[in-house]
1. In the neighborhood of Lys191, defined by Cβ-to-Cβ distances under 15 Å, what is the net charge if each Lys or Arg adds +1 and each Asp or Glu adds -1?
2. Please give, to one decimal in nm, the separation of the simple spin-label points placed at Val93 and Lys134, each 7 Å out from Cα toward the Cβ.
3. Compute the signed sum of charges (Lys and Arg +1, Asp and Glu -1) over the other residues within less than 14 Å, Cβ to Cβ, of Lys57.
4. What lysines does Lys157 reach when the alpha-carbon gap must be under 16 Å and sequence neighbours fewer than 8 apart in one chain are set aside?
5. Taking just the alpha-carbon atoms of segment 1-50, what radius of gyration and Dmax come out, in angstrom?
6. Every cysteine in the chain with no other Cys Cβ under 4.7 Å from its Cβ, please list them in numeric order.
7. Among the lysines, which have Cα under 19 Å from the Cα of Lys198 when same-chain residues fewer than 8 positions away are ignored?
8. When only C-alpha pairs under 8 Å and at least 6 residues apart count, what is the relative contact order of segment 102-189, in percent?
Amino acid sequence: MAIDLEKVYKEAGALLEGHFLLSSGNHSQFYLQSAKVLENPKTAALLANELAKQIKKSNIKIDTVCSPALGGILAGYELARALNARFIFTERVDKVMTLRRGFEVEEGENILICEDIITTAGSALEAAKVVEEKGAKVVAFGALANRGFCQRTGSKKTAKPECKLPKDMPFFALDDFDFEIYEPQNCPLCKDGSKAYKPGSRGN
Ligand code: ZN
(Lines give C-alpha, C1' and ligand atoms only; values in the text may rest on other atoms or scores of the structure.)
Protein backbone atom coordinates (compact mmCIF):
# COMPACT_ATOMS: atom_id res chain seq x y z
CA MET A 1 0.00 0.00 0.00
CA ALA A 2 1.32 3.41 -0.94
CA ILE A 3 -0.09 5.12 2.15
CA ASP A 4 0.98 4.56 5.75
CA LEU A 5 -2.44 5.14 7.31
CA GLU A 6 -1.22 5.06 10.90
CA LYS A 7 1.35 7.75 10.07
CA VAL A 8 -1.30 9.89 8.37
CA TYR A 9 -3.58 9.61 11.42
CA LYS A 10 -0.72 10.32 13.85
CA GLU A 11 0.49 13.35 11.94
CA ALA A 12 -3.05 14.76 11.80
CA GLY A 13 -3.47 14.30 15.54
CA ALA A 14 -6.26 11.83 14.80
CA LEU A 15 -4.78 8.85 16.62
CA LEU A 16 -5.28 9.78 20.26
CA GLU A 17 -3.55 8.08 23.15
CA GLY A 18 -5.01 8.13 26.63
CA HIS A 19 -7.63 6.16 28.54
CA PHE A 20 -10.88 6.25 26.64
CA LEU A 21 -14.40 5.23 27.49
CA LEU A 22 -15.90 3.93 24.24
CA SER A 23 -19.59 4.11 23.37
CA SER A 24 -19.77 0.35 23.97
CA GLY A 25 -18.80 0.95 27.63
CA ASN A 26 -15.40 -0.67 27.15
CA HIS A 27 -12.04 1.03 27.62
CA SER A 28 -9.15 1.56 25.22
CA GLN A 29 -5.75 3.23 25.23
CA PHE A 30 -6.29 4.58 21.72
CA TYR A 31 -9.02 6.46 19.90
CA LEU A 32 -9.39 7.37 16.24
CA GLN A 33 -10.78 10.80 15.42
CA SER A 34 -11.20 10.63 11.64
CA ALA A 35 -12.63 14.14 11.42
CA LYS A 36 -9.12 15.39 12.22
CA VAL A 37 -7.68 13.55 9.23
CA LEU A 38 -10.44 14.77 6.95
CA GLU A 39 -10.18 18.43 8.01
CA ASN A 40 -7.49 18.63 5.34
CA PRO A 41 -9.32 18.14 2.01
CA LYS A 42 -6.08 17.15 0.26
CA THR A 43 -5.50 14.33 2.74
CA ALA A 44 -9.13 13.28 2.37
CA ALA A 45 -8.75 13.13 -1.41
CA LEU A 46 -5.47 11.22 -1.14
CA LEU A 47 -7.02 8.56 1.10
CA ALA A 48 -10.21 8.30 -0.96
CA ASN A 49 -8.22 7.92 -4.18
CA GLU A 50 -6.22 5.07 -2.66
CA LEU A 51 -9.40 3.36 -1.49
CA ALA A 52 -10.98 3.88 -4.92
CA LYS A 53 -8.01 2.11 -6.54
CA GLN A 54 -8.73 -1.02 -4.48
CA ILE A 55 -12.41 -0.90 -5.37
CA LYS A 56 -11.74 -0.39 -9.09
CA LYS A 57 -9.39 -3.39 -9.08
CA SER A 58 -12.26 -5.57 -7.83
CA ASN A 59 -14.29 -4.68 -10.94
CA ILE A 60 -17.40 -4.25 -8.82
CA LYS A 61 -19.58 -1.63 -10.49
CA ILE A 62 -20.58 1.16 -8.12
CA ASP A 63 -23.32 3.59 -9.16
CA THR A 64 -23.66 5.33 -5.83
CA VAL A 65 -21.82 5.73 -2.55
CA CYS A 66 -24.07 6.02 0.50
CA SER A 67 -22.84 6.98 3.98
CA PRO A 68 -24.55 7.00 7.35
CA ALA A 69 -24.41 10.55 8.79
CA LEU A 70 -22.47 12.08 10.32
CA GLY A 71 -19.17 10.25 10.51
CA GLY A 72 -19.20 8.68 7.05
CA ILE A 73 -20.16 11.70 4.99
CA LEU A 74 -16.76 13.26 4.28
CA ALA A 75 -15.07 9.95 3.48
CA GLY A 76 -18.03 8.82 1.35
CA TYR A 77 -18.22 12.06 -0.58
CA GLU A 78 -14.53 11.96 -1.48
CA LEU A 79 -14.80 8.30 -2.40
CA ALA A 80 -17.75 9.04 -4.69
CA ARG A 81 -15.69 11.70 -6.41
CA ALA A 82 -12.80 9.25 -6.88
CA LEU A 83 -15.14 6.56 -8.24
CA ASN A 84 -17.06 9.00 -10.42
CA ALA A 85 -20.20 7.89 -8.61
CA ARG A 86 -23.20 9.65 -7.06
CA PHE A 87 -23.26 10.34 -3.33
CA ILE A 88 -26.15 10.19 -0.86
CA PHE A 89 -26.39 9.86 2.90
CA THR A 90 -28.77 8.38 5.41
CA GLU A 91 -29.43 9.92 8.82
CA ARG A 92 -31.16 9.05 12.04
CA VAL A 93 -34.55 10.53 12.82
CA ASP A 94 -35.63 9.58 16.34
CA LYS A 95 -32.85 6.96 16.27
CA VAL A 96 -34.21 5.33 13.09
CA MET A 97 -31.96 5.43 10.01
CA THR A 98 -33.75 7.07 7.07
CA LEU A 99 -33.19 8.53 3.62
CA ARG A 100 -34.33 12.16 3.49
CA ARG A 101 -33.61 15.43 1.68
CA GLY A 102 -35.05 14.24 -1.61
CA PHE A 103 -32.45 11.48 -2.01
CA GLU A 104 -33.79 8.55 -4.00
CA VAL A 105 -32.42 5.22 -5.19
CA GLU A 106 -33.44 3.21 -8.21
CA GLU A 107 -34.38 -0.44 -8.46
CA GLY A 108 -31.18 -2.44 -8.91
CA GLU A 109 -28.84 0.53 -8.39
CA ASN A 110 -25.42 -0.69 -7.18
CA ILE A 111 -24.50 0.92 -3.88
CA LEU A 112 -21.36 0.94 -1.78
CA ILE A 113 -21.89 1.89 1.87
CA CYS A 114 -19.00 4.02 3.14
CA GLU A 115 -17.95 4.90 6.69
CA ASP A 116 -14.88 6.68 8.02
CA ILE A 117 -14.11 3.78 10.35
CA ILE A 118 -15.86 0.43 10.44
CA THR A 119 -16.00 -1.00 13.95
CA THR A 120 -18.73 -3.64 14.16
CA ALA A 121 -20.48 -2.07 11.11
CA GLY A 122 -23.77 -1.48 12.92
CA SER A 123 -24.56 1.93 11.39
CA ALA A 124 -23.30 0.84 7.97
CA LEU A 125 -25.71 -2.08 8.00
CA GLU A 126 -28.60 0.17 9.02
CA ALA A 127 -27.81 2.42 6.03
CA ALA A 128 -27.65 -0.66 3.79
CA LYS A 129 -31.07 -1.77 4.96
CA VAL A 130 -32.58 1.63 4.16
CA VAL A 131 -31.46 1.64 0.51
CA GLU A 132 -32.19 -2.06 0.02
CA GLU A 133 -35.76 -1.58 1.22
CA LYS A 134 -36.09 0.95 -1.61
CA GLY A 135 -34.92 -1.60 -4.19
CA ALA A 136 -31.21 -0.75 -4.50
CA LYS A 137 -28.51 -3.39 -4.29
CA VAL A 138 -25.69 -3.07 -1.74
CA VAL A 139 -22.63 -4.58 -3.42
CA ALA A 140 -19.81 -3.59 -1.06
CA PHE A 141 -18.82 -1.75 2.10
CA GLY A 142 -15.93 0.65 2.46
CA ALA A 143 -14.10 2.67 5.11
CA LEU A 144 -10.85 4.52 5.46
CA ALA A 145 -9.88 2.22 8.31
CA ASN A 146 -11.02 -1.07 9.74
CA ARG A 147 -11.12 -1.08 13.52
CA GLY A 148 -10.17 -4.76 13.53
CA PHE A 149 -13.48 -6.50 14.13
CA CYS A 150 -14.39 -7.16 10.51
CA GLN A 151 -12.27 -8.71 7.79
CA ARG A 152 -11.36 -6.30 5.05
CA THR A 153 -10.78 -7.56 1.52
CA GLY A 154 -7.13 -8.53 1.11
CA SER A 155 -6.29 -8.73 4.84
CA LYS A 156 -5.26 -11.92 6.59
CA LYS A 157 -6.88 -10.77 9.85
CA THR A 158 -10.14 -12.64 10.19
CA ALA A 159 -13.43 -11.25 11.47
CA LYS A 160 -14.30 -11.35 15.17
CA PRO A 161 -17.77 -12.43 16.34
CA GLU A 162 -18.75 -8.77 16.96
CA CYS A 163 -18.58 -7.98 13.22
CA LYS A 164 -22.07 -7.57 11.76
CA LEU A 165 -21.12 -7.54 8.07
CA PRO A 166 -22.30 -10.50 5.99
CA LYS A 167 -19.32 -12.81 5.38
CA ASP A 168 -19.71 -12.84 1.61
CA MET A 169 -19.79 -9.04 1.30
CA PRO A 170 -16.64 -7.27 0.03
CA PHE A 171 -15.31 -4.73 2.56
CA PHE A 172 -12.63 -2.33 1.36
CA ALA A 173 -10.47 -0.34 3.79
CA LEU A 174 -6.96 1.08 3.69
CA ASP A 175 -5.67 -0.65 6.81
CA ASP A 176 -6.50 -2.36 10.08
CA PHE A 177 -6.30 -0.47 13.40
CA ASP A 178 -6.53 -3.43 15.70
CA PHE A 179 -6.22 -1.95 19.22
CA GLU A 180 -6.96 -3.85 22.39
CA ILE A 181 -10.33 -3.11 23.98
CA TYR A 182 -10.86 -3.88 27.66
CA GLU A 183 -13.92 -4.52 29.72
CA PRO A 184 -13.79 -2.02 32.61
CA GLN A 185 -13.19 -4.73 35.21
CA ASN A 186 -10.19 -6.06 33.23
CA CYS A 187 -8.73 -2.74 32.10
CA PRO A 188 -4.97 -2.46 32.87
CA LEU A 189 -5.21 1.35 32.64
CA CYS A 190 -7.85 1.37 35.39
CA LYS A 191 -5.65 -0.97 37.43
CA ASP A 192 -2.86 1.62 37.12
CA GLY A 193 -5.19 4.11 38.77
CA SER A 194 -6.27 6.38 35.91
CA LYS A 195 -9.87 7.08 34.99
CA ALA A 196 -11.41 6.49 31.56
CA TYR A 197 -12.95 9.50 29.86
CA LYS A 198 -15.13 9.97 26.81
CA PRO A 199 -13.25 11.15 23.72
CA GLY A 200 -14.19 14.78 23.11
CA SER A 201 -14.89 15.53 26.76
CA ARG A 202 -11.44 17.08 27.23
CA GLY A 203 -11.41 19.13 24.11
CA ASN A 204 -10.37 16.27 21.84
ZN1 ZN B 1 -9.98 1.59 32.01
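1. Spelling it out: positives minus negatives among the neighbours equals -2.
2. The answer from the label model is 1.1 nm.
3. Working: positive: Lys53, Lys56, Lys61, Arg152; negative: Glu50.
Cβ neighbours under 14 Å give a net charge of +3.
4. Lys167
5. Reported Rg and Dmax, both Å: 12.4, 35.
6. Cys66, Cys114
7. Excluding near neighbours in sequence, the set is Lys36.
8. On the way: 154 pairs, mean separation 25.4, N = 88.
Across segment 102-189, relative contact order equals 29 percent.
The values are calculated or read from the model by the stated rules, or taken from the named source; none is laboratory data. All figures in this text were calculated on a predicted structure; none of them were measured in a lab. Cβ atoms come from the backbone with ideal geometry, glycine included; neighbour counts cover every protein chain shown. For the accessible areas, the whole protein counts, side chains as well, though only heavy atoms, and no ligand, DNA or RNA atoms are used. Shrake-Rupley method; radii C 1.70, N 1.55, O 1.52, S 1.80 Å.
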